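Single-structure report; data block below.
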Amino acid sequence: MHSSKYKSLKLALPLICVMVISGSYLYGKLAYEWIPHDEGLLGQSAHRVLNGELPHHDFQEAYTGGLSYLHAASMSEFGVSLYSIRLCLFITALLTIPAWYLIAARFLTPIAAATTSLVCLTWSFPNYLAALPTWYTLALASWTLFALLNYGDSLAWKWLAIAGLLCGISILSLIHISEPTRLGMISYAVFCLK
């Protein structure tokens with residue numbers, strides 16, 4: 001029992017350090033390096049959704065539409081500004097880092113996994129800090145890979161279901177489809193899991 005607590009602590013401490021370093025690094029960049037053409041487009045789409053308009057129906061949406069709803073929710077929570085959209089991406093990035101760490105820790109020592117996670121961060125979100133759909137897909141794909149690796153180890157169906165759910169969220173949140181179609185797809189997925 002003592003050794004399992006030690007192993008958990010040995011795994012958790014580097015992750016905590018990575019989260020603090022990553023959070024500090026990303027937070028320091030949030031208010032800088034704006035990309036006007038992308039962030040203006042994302043902000044305008046989110047603002048229009050916040051005002052009750054529908055993507056692809058009331059205005060021409062550059063992306064698939066689901067992301068505008070997420071960004072509108074972020075604006076509703078944090079205020080109507082482009083900074084709100086970046087906060088949403090910041091939270092997503094922080095939620096992605098543990099996936100990278102846990103994947104790397106399966107193959108490397110905790111310190112090497114922490115270093116790998118920091119390299120992953122450095123080569124991803126801060127390079128183009130606009131809250132584009134690809135970043136959210138990267139986050140969901142990272143957690144999907146973690147779930148699939150766990151499924152490979154345990155053959156427990158819950159991990160496969162989690163991986164499928166994460167893929168579905170990625171598709172449903174980034175592809176604009178009608179609500180009845182979305183509910184039909186969700187119902188079919190629940191029926192197949194029974």
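The values are calculated or read from the model by the stated rules, or taken from the named source; none is laboratory data. These numbers come from a predicted model, not from an experiment. For neighbour counting, all protein chains shown are included, and Cβ atoms are generated from backbone atoms with ideal geometry for every residue, glycine included. SASA here: full protein model, heavy atoms, side chains in, ligands and nucleic acids out. Shrake-Rupley method; radii C 1.70, N 1.55, O 1.52, S 1.80 Å.
Shown are TRP143, TRP100, TRP34, whose ranking by accessible area with a 1.4 Å probe and every protein chain present, most to least, is TRP34, TRP143, TRP100.
Would region 10-162 count as rounded, prolate or oblate if I go by the C-alpha gyration tensor, calling it rounded below 1.5 in a/c and otherwise prolate when a/b exceeds b/c, oblate otherwise? If you can, show how the numbers build up before the last one.
Working: a/c = 2.80, a/b = 1.62, b/c = 1.73.
Oblate.
Pairs of alpha-carbon atoms within less than 8 angstrom and 6+ residues apart define the contacts here; what relative contact order does region 33-163 have, in percent?
Relative contact order, region 33-163: 23 percent.
Per atom type, region 1-113 shows carbon and sulfur on 67% of its accessible surface, probed at 1.4 Å.
Shape of region 1-89 from the C-alpha gyration tensor: prolate (a/c of 1.5 or more and a/b above b/c, with a ≥ b ≥ c the square roots of its eigenvalues).
Packing here is the average count of other Cβ atoms within 10 Å per residue, and on that basis the peptides 164-170, 80-86, highest first, run 80-86, 164-170. With a simple spin-label model that places each label point 7 Å from the Cα along the Cα-to-Cβ direction, the separation between TYR32 and ALA73 comes to 3.1 nm. With the charge dipole of region 1-144 set up from +1 on Lys and Arg Cβ and -1 on Asp and Glu Cβ about the Cα centre, the Cα lying farthest toward the positive end among the listed residues VAL119, SER45, PHE107 is that of PHE107. Taking other residues whose beta carbon is less than 14 angstrom from the beta carbon of TRP159, and scoring Lys, Arg as +1 and Asp, Glu as -1, yields +1.
Only Lys, Arg, Asp and Glu carry charge here, each on its Cβ (+1 for the first two, -1 for the last two); on that basis region 22-153 has a dipole of about 340 debye about its Cα centre. Summary value for region 12-106: 33 percent relative contact order, contacts being C-alpha pairs under 8 angstrom separated by 6+ residues. Is region 58-97 rounded, prolate or oblate when judged by the Cα gyration tensor, a ≥ b ≥ c being the square roots of its eigenvalues, rounded requiring a/c under 1.5 and prolate requiring a/b larger than b/c? Oblate.
Per residue, the solvent-accessible area of region 7-65 (1.4 Å probe, heavy atoms of protein chains only, all protein chains present) comes to 62 Å².
Other residues lying with their Cβ under 14 Å from the Cβ of PRO133 contribute a combined charge of -3, Lys and Arg counting +1, Asp and Glu -1.
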